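The values are calculated or read from the model by the stated rules, or taken from the named source; none is laboratory data. Note that the structure is a prediction, hence the values are computed from the model and not measured. Every residue, glycine as well, gets a Cβ built from its backbone with ideal geometry; the counts of neighbours run over all protein chains shown. To get the accessible areas, we keep the full protein, side chains included, count just its heavy atoms, and leave off ligands, DNA and RNA. Shrake-Rupley method; radii C 1.70, N 1.55, O 1.52, S 1.80 Å.
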Amino acid sequence: LAGFGCTVAAYFSFSLLPLLPLACLWILVDHFLTSPRPGVKQVLKSMAGLFLGALITTALLYWLLNYDIRLRYVNALANHSTTHTFASWGEQVRNAFALNNAEMATWVGFPVILLLLINLVVVLKDVLGHKANRFHALVISTWITYLAILIFGRTNGETQRLYLFLVPLWVLFAGQGTIRAFGHRKFPVFLVVILQFTTMLLTFFFQDFYA
């Protein structure tokens, strides 16, 4: 089912292609972090099931809808290259860690980003303390995927496609960070909501898309 879901998501938008490697990473990281660890045979079965589901769904899309994912991807990349500014790999890595991260933080909202970083610190602390579970594995897998997008992406200042698919996961992690930071106190949570709403309004009224 995971392979089916990832392939259907990619059918609607190629920006969701990183979901498949994210799912693979989650399986592998979960194997190395959780205790007791699942056996290697179970990990291989999960990976095989993931890829089999993706292959079957790809074949069904081609058979039922004449949808060739390889051809569509090549054409989409060619169109993308004519409408966006590409950079060399070294230049892009430097720009991504500055421009793309800043743009992503602005889009998502700095309150959520702060809670997300709090959650990351807590997760790393739990992992080092040998208290990791499947949720910790998902957090680490998501961050590895994000770093891979930063390192191997080639478009300057484009976070609305390959980056924004991570936002639901980041909001989930930020919610966990809220619990760890504030416990059951209500006022700090309301404050975060107010700050996030303020960020949304400022972005809506003052962001210049055509500057």
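Restricting attention to the stretch 197-211 and to residues that are of a type outside the set (S, T, N, Q) and modelled with pLDDT of 80 or more, the residue that is farthest from Phe110 (Cα to Cα) turns out to be Leu201. Within the stretch 52-69, restricting attention to residues that are free of Cβ contacts under 8 Å to residues at least 12 places away in the same chain and aromatic (Phe, Trp, Tyr), the residue that is least open to solvent (accessible area, probe 1.4 Å) is Tyr62. Residues in the stretch 157-196 that are closer than 29 Å to Ala9 by Cα and at pLDDT below 80: Gly157, Glu158, Thr159, Gln160, Arg161, Leu162, Tyr163, Leu164, Phe165, Gln196. Cβ separations smaller than 8 Å between residues 6+ apart or across chains give the following pairs from the stretch 137-165 residues that are over 10 Å from Leu22 (Cα atoms) and assigned to a helix (DSSP H, G or I) to residues that are of a type in the set (Phe, Trp, Tyr) and modelled with pLDDT of 70 or more: Ala137/Trp26; Val139/Phe173; Ile149/Tyr163; Leu150/Phe97; Leu164/Trp107.
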